[in-house]
Amino acid sequence: QVQLVESGGGLVQAGGSLRLSCAASGNIFSINTMGWYRQAPRKQRELVADITSGGRTNYGDSVKGRFTISRDNAKNTVYLQMNSLKPEDTAVYYCNIKWIGLNYWGQGTQVTVSS
């Protein structure tokens with residue numbers, strides 16, 4: 001059973017920073033892609049950023065230059081450093097991993113940016 005445990009969400013003022021973490025547990029190894037998606041009220045879920053096991057990164061256009069994704073393969077953990085946060089970054093952030101052809105999702109963590 002694969003589990004994803006997220007942490008690090010919360011309330012922050014515009015211009016502030018937050019760091020999200022997501023640890024994958026279970027009988028899991030050599031995870032291909034790890035990433036973060038977000039969903040704001042009345043909007044579709046969208047890619048924030050993802051990173052392959054080799055370290056190749058991909059970012060959504062709205063977060064480029066402000067967010068940084070990284071991972072620790074030994075710990076099966078992915079991180080999202082979010083800087084210069086804006087009110088439009090407010091959403092539930094979901095951790096995602098792609099492993100042996102399947103998608104796994106975390107429970108989501110709320111990020112709220114006040115103006």
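With each pseudo-label sitting 7 Å past Cα toward Cβ, what's the residue 57-residue 75 distance in nm, one decimal?
Each label point is offset 7 Å from its Cα along the Cβ direction, giving 1.7 nm.
Provide the net charge surrounding residue 31, with neighbours chosen by a C-beta distance below 12 Å and charges set as Lys +1, Arg +1, Asp -1, Glu -1.
+1
Just to verify a number: what accessible area does residue 68 come out at with the full protein assembly present, 1.4 Å probe, Å² rounded to tens?
80 Å²
How charged is the neighbourhood of residue 66? Take every other residue with its Cβ under 9 Å from the Cβ of residue 66, and add Lys/Arg as +1 and Asp/Glu as -1.
Here the charged neighbours net out to +1.
Taking the Cβ of residue 91 as the center, what net charge do the other residues with Cβ under 12 Å away carry, scoring Lys and Arg +1 and Asp and Glu -1?
So the environment of residue 91 carries a net charge of +2.
Of all accessible surface on segment 1-57 at a 1.4 Å probe, what whole percent is carbon and sulfur?
44 percent
Given a Förster radius of 30 Å and the C-beta distance between residue 114 and residue 5 as r, what FRET efficiency does 1/(1 + (r/R0)^6) yield to the nearest 0.05?
For R0 = 30 Å, the calculated efficiency reads 0.70.
Which whole-Hz couplings ³J(HN,Hα) result when phi for each residue of segment 99-115 is put into the Karplus expression 6.51 cos²θ - 1.76 cosθ + 1.60, θ = phi - 60°, listed in order with x for Gly and Pro?
Listing the rounded values in order: 8, 6, x, 10, 9, 10, 10, x, 7, x, 9, 7, 10, 10, 10, 8, 8 Hz.
If the cut-off is a Cα-Cα distance under 14 Å, which aspartates and glutamates reach residue 75, setting aside same-chain residues fewer than 8 apart in sequence?
6
Going through segment 58-115, which trypsin sites (Lys or Arg not before Pro) have at most 14 other Cβ atoms within 10 Å and a DSSP loop state?
When the trypsin sites (Lys or Arg not before Pro) of segment 58-115 are filtered for loop state and at most 14 Cβ neighbours within 10 Å, 64 remain.
Whole number in Å², please: accessible area per residue of the chain, 1.4 Å probe, ligands, DNA and RNA not counted.
Here the residues of the chain average 54 Å² of exposed surface.
Enumerate the lysines that residue 86 could reach by cross-link, defined here as Cα to Cα under 19 Å, with residues fewer than 8 away along the same chain left out.
Filter leaves 43, 64.
The values are calculated or read from the model by the stated rules, or taken from the named source; none is laboratory data. This is a predicted model, so every value here is computed, not measured. All Cβ positions, glycine included, derive from the backbone under ideal geometry; neighbour counts span all protein chains shown. The accessibility values were calculated without ligands, DNA or RNA, using every heavy atom of the protein model including side chains. Shrake-Rupley method; radii C 1.70, N 1.55, O 1.52, S 1.80 Å.
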